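In what follows, a single structure is set out as structure tokens and then discussed.
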Amino acid sequence: MSGKWQLWAQQLGAGGRTDLGIQVLRFIQENALISSGQRVIIGVSGGADSLCLLGILIELQGQLEIRLHI
């Protein structure tokens, strides 16, 4: 992960899990969308929705045991 994304992720994650992050985690787990050990490729346009998704997945990557590729 590049330096600017890593810094942004640290700032986002500073307060712990977000409510939206918890909801996304539950949805991923209940629907078996991502398996442990998988690589997940994320396309980021720079818009609010893709940055939000990126932030949530960065927040959850340790718990989901996934590798993100941006």
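Just so it is clear, none of the values below were taken in a lab; they were calculated from the coordinates. From a predicted model like this one, the values you see are computed outputs, not experimental measurements. No Cβ is skipped: glycine too gets one built from the backbone with ideal geometry, and neighbour counts run over all protein chains shown.
For a test of the definition: using alpha carbon positions, the gyration tensor, and the 1.5 limit on a/c, classify region 20-70 as rounded, prolate or oblate. Walk me through the intermediate numbers first.
Details: a/c = 2.01, a/b = 1.32, b/c = 1.52.
Oblate, because a/c is 1.5 or more while a/b does not exceed b/c.
How much net charge surrounds C52 when only other residues with a Cβ under 13 Å from its Cβ are counted (Lys, Arg +1; Asp, Glu -1)?
On the way: positive: none; negative: D19, D49, E59.
Here the charged neighbours net out to -3.
The amide H of V40, built 1.01 Å from its N in the peptide plane, has R67, L68, H69 as neighbours under 5 Å, considering only residues 5 or more places off or on other chains. 3J(HN,Hα) along region 31-47: 9, 6, 7, 10, 9, 4, x, 6, 9, 10, 9, 10, x, 10, 8, x, x Hz, from the Karplus curve 6.51 cos²θ - 1.76 cosθ + 1.60 with θ = phi - 60°, whole Hz, x for Gly and Pro.
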